[in-house]
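Report on one structure; see the data block that follows.
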There are 2 protein chains.
Amino acid sequence: MAGKPFLLSVKALIHDGYGRYLVIRRSQISKNNAGRWDFPGGKIDAGESFDAALVREVAEETGLSVTLEKVLGACESDLPDRKVAYLFMRARVDSGEVQLSEEHDAVAWMTPDELAEADICPQFRQFVRPLGGAS
Amino acid sequence: MAGKPFLLSVKALIHDGYGRYLVIRRSQISKNNAGRWDFPGGKIDAGESFDAALVREVAEETGLSVTLEKVLGACESDLPDRKVAYLFMRARVDSGEVQLSEEHDAVAWMTPDELAEADICPQFRQFVRPLGGAS
């Protein structure tokens, strides 16, 4: 196959039942997009299913136990040596209180309008813009 | 994690450079959606990356060698015992002539308008409807 390799990253839009979604801010130690808002999630480990990977990443990054509810959409990021495909899943909280890892330093619950205005990681802007009608 | 498990299926929208996409018709031996139009693709084998899986499935189902170009979107299917998340990638043909496996018995190139009218697998209708503006 020619072209750059594609990696897959799964992301959770965790809702609060009132139309707001959880975002976490990338801490200053982040290699990319330090200080920008991000969604919990990440890459799939070898041999791991995508849903188990996302539930694990959410637990590691936020301390929350979640259930994945539905597919919300997808977007991509084009980097010099690779592309990343992002698959977004809506999720609800089953238990836990938000507790961040050292990768993130702030947490907020935002409406779709607030997400569209926030300083989020640029590769997600194309996804959050139409989000008002997606849930 | 509560709720049904989610499986991930990757699908290719292979374009012909003139705004048409390749669809293949599920043969009568298909357990589900026999006689309906489908996109090449399928599930990821254990330990396989999603892009390698999609290139492999396309080769097995169509005989074509393709390069994945970009993420087009995602949708889902809700079955009694599980849900399936579909990630759609646009792809271009590098080489090969279409040669179907026994899973499919017809091939067509369709515009987004034709896709919206065709008897495609029902879980893809929500995805192909807005496709005219997605490529």
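Since every read-out is calculated from the coordinates, none of them should be taken as a lab result. Just so you know, these numbers come straight off a predicted model, no measurement behind them. Here the Cβ is made from the backbone with ideal geometry for all residues, glycine too, and neighbour counts use every protein chain on show.
Would you mind classifying the stretch B:35-86 by shape? Square roots of the alpha carbon gyration tensor eigenvalues, ordered a ≥ b ≥ c; an a/c under 1.5 is rounded, otherwise it is prolate if a/b is larger than b/c and oblate if not.
Values: a/c = 1.63, a/b = 1.43, b/c = 1.14.
Prolate.
Based only on other Cβ atoms within 10 Å, what is the fewest-to-most ordering of B:Ser27, B:Ser9, B:Ser95?
Details: B:Ser27 15, B:Ser9 21, B:Ser95 8.
Going from sparsest to densest Cβ surroundings: B:Ser95, B:Ser27, B:Ser9.
Could you give me the ³J(HN,Hα) list for the stretch A:55-71, computed from phi with Karplus coefficients 6.51, -1.76, 1.60 and θ = phi - 60°, whole Hz, x at Gly and Pro?
4, 5, 4, 4, 5, 5, 8, 10, x, 8, 9, 10, 10, 7, 9, 7, 7
Under the rule of at least 5 residues apart or a separate chain, name every residue whose amide H is placed under 5 Å from the amide H of A:Arg36.
Close amide H contacts, sequence-distant or interchain: A:Arg26.
Among A:Lys83/B:Lys83; A:Lys83/B:Lys11; B:Lys4/B:Lys70, which pairs are too far apart, with a Cα-Cα distance over 21 Å? Walk me through the numbers on the way to the answer.
Details: A:Lys83/B:Lys83 26 Å; A:Lys83/B:Lys11 17 Å; B:Lys4/B:Lys70 29 Å.
Pairs exceeding 21 Å: A:Lys83/B:Lys83; B:Lys4/B:Lys70.
Would you mind giving the mean number of other chain beta-carbons within 10 Å of the Cβ of each residue in B:51-60, as a whole number?
Details: counts 9, 3, 1, 2, 2, 1, 0, 0, 1, 0.
Per residue, the average neighbour count from other chains is 2.
Report ³J(HN,Hα) in whole Hz for each residue of the stretch B:20-30, in order, from the Karplus equation J = 6.51 cos²θ - 1.76 cosθ + 1.60 where θ = phi - 60°; Gly and Pro get x.
Those phi angles translate into 10, 10, 7, 10, 10, 9, 5, 6, 5, 7, 5 Hz.
Could you point to the residue in B:Asn33, B:Thr67, B:Val84 farthest towards the positive end of chain B's charge dipole, with +1 and -1 charges on the Cβ of Lys/Arg and Asp/Glu respectively?
B:Val84
From the convex hull of the Cα coordinates of the stretch B:6-133, what is the mean projected area in square nanometres?
In nm², the orientation-averaged hull projection of the stretch B:6-133 is 7.5.
DSSP loop GluC sites (Glu not before Pro) in the stretch B:81-135 with at most 10 other Cβ atoms within 10 Å of their Cβ, which ones? Walk me through the numbers before you get to the answer.
On the way: sites: B:Glu97, B:Glu102, B:Glu103, B:Glu114, B:Glu117; in loops: B:Glu97, B:Glu102, B:Glu103.
In loop regions of the stretch B:81-135 (DSSP not H, G, I, E or B), the sparsely surrounded GluC sites (Glu not before Pro) are B:Glu97, B:Glu102.
May I ask you to evaluate 6.51 cos²θ - 1.76 cosθ + 1.60, the Karplus curve with θ = phi - 60°, for each residue of the stretch A:31-39 and list the ³J(HN,Hα) values in order in whole Hz, giving x for glycine and proline?
Rounded to whole hertz, the list is 5, 10, 6, 4, x, 9, 6, 9, 9.
Order by neighbour count: B:Ser65, B:Ser77, fewest other Cβ atoms within 10 Å first, most last.
Starting with the residue having the fewest Cβ neighbours, the order is B:Ser65, B:Ser77.
About the Cα centre of chain B, what is the dipole size in debye to 20, counting +1 per Lys and Arg Cβ and -1 per Asp and Glu Cβ, all else neutral?
Working: 16 positive and 21 negative charges, 94 e Å.
So the magnitude is around 460 debye.
Can you give me the Cα centroid spacing of the stretch B:1-71 and the stretch A:81-117 in angstrom?
29
Counting only residues 5 or more places away or on other chains, whose amide H sits under 5 Å from the amide H of B:His104 once H atoms are built in the peptide plane?
Here the answer is B:Ser27, since their amide H atoms fall under 5 Å of that of B:His104.
With the Cα gyration tensor of the protein assembly as shown in hand, give its eigenvalues times 5 under a square root as the equivalent ellipsoid semi-axes, listed largest first in whole angstrom. Could the numbers behind the result be given before it?
Numbers: eigenvalues 222, 74, 61 Å².
Square roots of five times the eigenvalues give 33, 19, 18 Å.
Just from its helices, what would the mean residue ellipticity at 222 nm be for chain B, if runs of 4 or more DSSP H residues each count -39500 (n - 2.57) and the sum is divided by every residue, rounded to the nearest 500 deg cm²/dmol?
On the way: 3 runs with 23 residues, N = 135.
Dividing the helical sum by the residues of chain B leaves -4500 deg cm²/dmol.
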